[in-house]
Amino acid sequence: MIHHLSIAAENPQHTAEVLAEVMNGKVFPFPPNLGSYMMVSLDEYGTGIEVHPLQIVLQPGEGEQNCQIKETSQPSNFTATHAAISVDSTQEQIEAIGHREGWRVIRCRRAFFDVMEFWLENRVMIEFLTPEMKNQYLIHIQPENLQKDLLVKSAQNSDSQVK
């Protein structure tokens, strides 16, 4: 169970507000770091996304210290970090919000299920799963299906690399 994750954005407050719109959540300033915001869904799981300014990075502390919030002078435009998040919003609602913001949003087929790629600020990808997509995902992510599907996909990739 992932309860929250952190991302960086050029406009943290606006990005958190858009996430709250799609995820039916609320936005609060995030006290550990001025200029950061926390989008919370206020659900039973404590689902949240911390949105920090682009130049903020988390670094390990020393000894018994917690992680350290540091500022970098050379922020990256893209990241490998992403999340798949189930939402109650429809495909049409997600598309309308993304288009309004001028952000890339597209329905994509992954190996075994569909997602809505939603590119926050056209930099950070969130895979939103509508209720229908969530059902596809949950069917394929069951241990017996996942193992079988991954073995088949792995074998197909091995065959295509041999040729």
Would you please list the contacts, defined by Cβ atoms under 6 Å and residues six or more apart or on different chains, that run from a residue in region 73-95 that is among the polar types (S, T, N, Q) to a residue that is surrounded by fewer than 17 Cβ atoms within 10 Å (Cβ to Cβ)? none
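Which residues, taken from region 102-134, are assigned to a strand (DSSP E or B) and in contact (Cβ under 8 Å) with a residue 40 or more places away in the chain?
Listed by number, the residues that qualify are Phe118, Leu120, Val124, Met125, Ile126, Glu127, Phe128, Leu129.
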Quick check on region 86-95. Is at least one of its residues of a type in the set (A, V, I, L, M, F, W, C) and assigned by TED's automatic domain parsing to the domain that holds Val115? yes
Of the numbered conditions (1) more than 28 Å from Leu42 (Cβ to Cβ); (2) out of contact with any Phe, Trp or Tyr (no Cβ under 9 Å at 6 or more places or on another chain); (3) touching a residue at least 12 places away in the same chain (Cβ under 8 Å), Asp149 fails exactly one; give the number of that condition. (2)
Scan region 87-112 residue by residue and report those that are under 19 Å from Val124 (Cα atoms) and at pLDDT below 95. Arg109, Arg110
In region 60-101, what count of residues is obtained for those that are acidic (Asp, Glu) and in contact with a strand residue (DSSP E or B) (Cβ under 8 Å, 6 or more places away or on another chain)? 2
In region 33-64, which residue that is over 14 Å from the mean Cα position of the chain (by Cα) and aliphatic (A, V, I, L, M) is surrounded by the most Cβ atoms within 10 Å (Cβ to Cβ)? Ile56
Selection status of Ala16, hydrophobic (A, V, I, L, M, F, W, C), part of a helix (DSSP H, G or I) and in contact with a strand residue (DSSP E or B) (Cβ under 6 Å, 6 or more places away or on another chain): yes
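The values are calculated or read from the model by the stated rules, or taken from the named source; none is laboratory data. Quick caveat, the model's predicted, so the values are computed rather than measured. Every residue, glycine as well, gets a Cβ built from its backbone with ideal geometry; the counts of neighbours run over all protein chains shown.
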